[in-house]
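Since every read-out is calculated from the coordinates, none of them should be taken as a lab result. Everything numeric here is computed off the predicted structure, so don't read it as measured data. Glycine also receives a Cβ, built like all others from the backbone with ideal geometry; neighbour counts cover every protein chain displayed.
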Amino acid sequence: MLGVTAVPVSDQPPAAVLSDPASTPTHQAVAPAPRAPQPPSPMRSAPPSRRAVAPGPTPPPAPLQAQIGAVKLRDVPPDHRPAALAELRQKLADDPAVQRLQPPGTQIVFGEGTPTADIAFIGEGPGENEDRLARPFVGKAGQLLDKMITAMGLDRADVYLSNAVNFRPPGNRAPTPEETAACLPYLLEQLAIVRPKAVVLLGGSAARALLDTKTGITRLRGSWQSITRLDPPLPVMPTFHPAYLLRSYTVDNRKKVWADLQEVLAKVGIKPKG
């Protein structure tokens, strides 16, 4: 510790005081008074060592679909909805992000059906027949969906049909997250214009697109969910895609889908059959 060094002072009197008085000089030396101890000088603390800190891992970017904001339901008069949907279709076709991802030679397959439908069916994306005719659900899976709608006591013209992706991916593969994110805003806008009372999500791709979930369709089906990207949210019932039923046309799977569709009918106020 840094400080002033005190002069040592003995506890005993000096030797001159203990000697014979006669020999004591007239001017006796007086021992200096002890100096008051000085407070220690504050020590300067050494600056903390600055070690180089390795940068942490860069956080992953938010999923493309998570970057899409909420869409408010639009109060479009029923007689104006066809024009609003036609305008939206043109915006989709002119979108540079969609044009960049759409394979050459494929067509835009937009939604169709009544713009005042109580029920909307949303699938994965167009197949070969849908791409050729530029209409949703016209292949074998679409034919089975028509039978399902008929069994509900409805006609194809009574509902609204669309897909999570509006063009056929190469090789008829499942849509990528980028393809889904490019088309998702237009799907949300379709639902915001039509304003169905319930939405049926057909298959895992449609469920992942609109619910932003990694849960598989087998666990999701049969329980009501909500499309929270719509304001206010719309109720949705996930179920198996008709294409899956064609591959696994078991009594158990058909019973599950029919139970899901009966739930939808009850939700919109239509008495289920059987």
Order of SER248, SER205 under a 10 Å beta carbon neighbour criterion, fewest first: SER248, SER205
Past 29 Å, Cα to Cα: identify those pairs from LYS72/LYS255; LYS91/LYS147; LYS91/LYS256; LYS72/LYS140; LYS91/LYS271; LYS214/LYS256, in the order given. LYS72/LYS255; LYS91/LYS147; LYS91/LYS256; LYS72/LYS140; LYS91/LYS271
Theoretical gain in end-to-end length, ASN129 to ASP94 [0.36 nm per residue, Cα-Cα removed]: 10.3 nm
What are the principal axis extents of the Cα atoms in the range 132-234, in Å, biggest first? 35, 31, 29
Take each of the peptides 89-100, 131-142, average the number of other beta-carbon atoms within 10 Å over its residues, and list them starting from the highest. 131-142, 89-100
HN-Hα J couplings of the range 241-246 from phi, Karplus 6.51/-1.76/1.60, θ = phi - 60°, integer Hz, Gly and Pro as x? 6, x, 5, 5, 4, 5
